[in-house]
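J.: Provided herewith is a single structure, encoded as structure tokens, for subsequent inquiry.
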Amino acid sequence: MRTIDKEELKQLYDRDYPLWVEKNLELLKEGAYKLVDWENLLEKIEDMGRSDLKECISHLAVILEHIYKWDNFRELAGGETAGKSWMRSIRNSRRELELLFDYYASLKSKLSLELDKAWKMAVKNLQIWLEDNGYNPEDFNIPNSLSPYTYQDAVGRDLR
């Protein structure tokens with residue numbers, strides 16, 4: 001391997017990410033720790049952990065959005081048969097969360113702390129859905145900051 005200095009390695013991060021990974025891996029395997037681009041490497045490791053949590057938050061947001069639609073907009077969406085796709089979506093998102101928790105058990109306790117962040121995403125989606133269906137979201141009293149549902153509601157409430 002051609003020796004690469006620390007500054008060249010840092011520049012590779014933006015120019016050729018796969019090569020940056022390869023070079024850092026070689027340096028770590030060789031024990032050349034002083035040459036490793038620690039700043040970007042640590043940031044990347046942190047991002048990896050956050051991306052799985054972000055995926056969980058996204059699933060939680062879908063669940064909250066569709067529970068809210070179920071509770072508040074079934075009549076608006078067509079009455080008795082309305083909401084079947086919402087229920088299916090809730091089941092799918094819950095299943096995806098369970099799979100993620102099977103792989104990464106620590107995410108389960110972290111996700112419960114992200115309820116309000118997921119709710120804010122759900123509110124944005126609810127507003128878009130209302131607009132797409134010809135309604136003014138401001139005509140509905142959708143709570144903006146705190147979720148009207150608990151984490152337990154999201155992961156376990158039966159919607160029959």
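J.: Please enumerate the residues belonging to region 110-139 that are more than 23 Å from LYS54 (Cα to Cα) and loosely packed, with under 14 Cβ neighbours inside 10 Å.
T.: Just the residues of region 110-139 that are more than 23 Å from LYS54 (Cα to Cα), to begin with: 130-139.
Correct list: GLU131, ASP132, ASN133, GLY134, ASN136, GLU138, ASP139.
J.: Ok, one more. Please find, among ARG91, ARG74, ARG157, ARG95, the residue that is within 23 Å of the chain's Cα centre (by Cα) and modelled with pLDDT under 95. So that I can check it myself, show each step before the final result.
T.: Values: ARG91 fails: modelled with pLDDT under 95; ARG74 fails: within 23 Å of the chain's Cα centre (by Cα); ARG95 fails: modelled with pLDDT under 95.
Selected residue: ARG157, the only one of ARG91, ARG74, ARG157, ARG95 that is within 23 Å of the chain's Cα centre (by Cα) and modelled with pLDDT under 95.
J.: What is the residue count in region 12-37 for residues that are surrounded by 14 or more Cβ atoms within 10 Å (Cβ to Cβ) and assigned to a helix (DSSP H, G or I)?
T.: Of the residues in region 12-37, 9 are surrounded by 14 or more Cβ atoms within 10 Å (Cβ to Cβ) and assigned to a helix (DSSP H, G or I).
J.: Suppose the filter is free of Cβ contacts under 8 Å to residues at least 40 places away in the same chain, at negative phi and in a helix (DSSP H, G or I); does SER145 pass it? Can you show your working first?
T.: On the way: free of Cβ contacts under 8 Å to residues at least 40 places away in the same chain: yes; at negative phi: yes; in a helix (DSSP H, G or I): no.
Taking the combined requirement at face value, the residue does not satisfy it.
J.: So, LEU27, is that one over 21 Å from LEU159 (Cα atoms) and hydrophobic (A, V, I, L, M, F, W, C) or not? Even if it seems obvious, please write down each step before you answer.
T.: On the way: over 21 Å from LEU159 (Cα atoms): yes; hydrophobic (A, V, I, L, M, F, W, C): yes.
Here the answer is yes, as LEU27 does meet what is asked.
J.: Just the residues that are within 15 Å of LYS10 (Cβ to Cβ) and among the hydrophobic types (A, V, I, L, M, F, W, C), please, taken from region 22-31.
T.: LEU27
J.: Residues to consider are LYS29, LYS54; find the one that is of a type in the set (Lys, Arg) and assigned by TED's automatic domain parsing to the domain that holds LEU97.
T.: Details: LYS29 fails: assigned by TED's automatic domain parsing to the domain that holds LEU97.
From the options LYS29, LYS54, the qualifying one is LYS54.
J.: Can you tell which of ILE67, ILE57, ILE45 is β-branched (Val, Ile, Thr) and farther than 30 Å from ASP14 by Cβ? Please lay out each step first, then the result.
T.: Details: ILE57 fails: farther than 30 Å from ASP14 by Cβ; ILE45 fails: farther than 30 Å from ASP14 by Cβ.
Only one candidate passes the filter, namely ILE67.
J.: Now for a separate question. Take the residues in region 70-104 that are without any contact (Cβ under 8 Å) to a residue 12 or more places away in the chain and at positive phi; name whichever of them is surrounded by the most Cβ atoms within 10 Å (Cβ to Cβ).
T.: Ranking the candidates gives GLY78 first.
J.: For the list (1) touching a Phe, Trp or Tyr at 6+ places or on another chain (Cβ under 8 Å); (2) exposed (fewer than 14 other Cβ atoms within 10 Å of the Cβ); (3) more than 16 Å from TRP70 (Cα to Cα); (4) not hydrophobic (A, V, I, L, M, F, W, C), I need the number of the one condition that ASN144 fails.
T.: ASN144 satisfies every listed condition except (1).
J.: Continuing with the same structure: Suppose we filter TRP86, TRP119 for residues that are modelled with pLDDT under 95, among the hydrophobic types (A, V, I, L, M, F, W, C) and out of contact with any Gly (no Cβ under 8 Å at 6 or more places or on another chain); which single one remains? So that I can check it myself, show each step before the final result.
T.: Details: TRP119 fails: modelled with pLDDT under 95.
None of the others qualify; the one that does is TRP86.
The values are calculated or read from the model by the stated rules, or taken from the named source; none is laboratory data. What you see is a predicted model, and the numbers here were worked out from it, not measured in a lab. Positions of Cβ are backbone-derived with ideal geometry, glycine not excepted, and every protein chain shown enters the neighbour counts.
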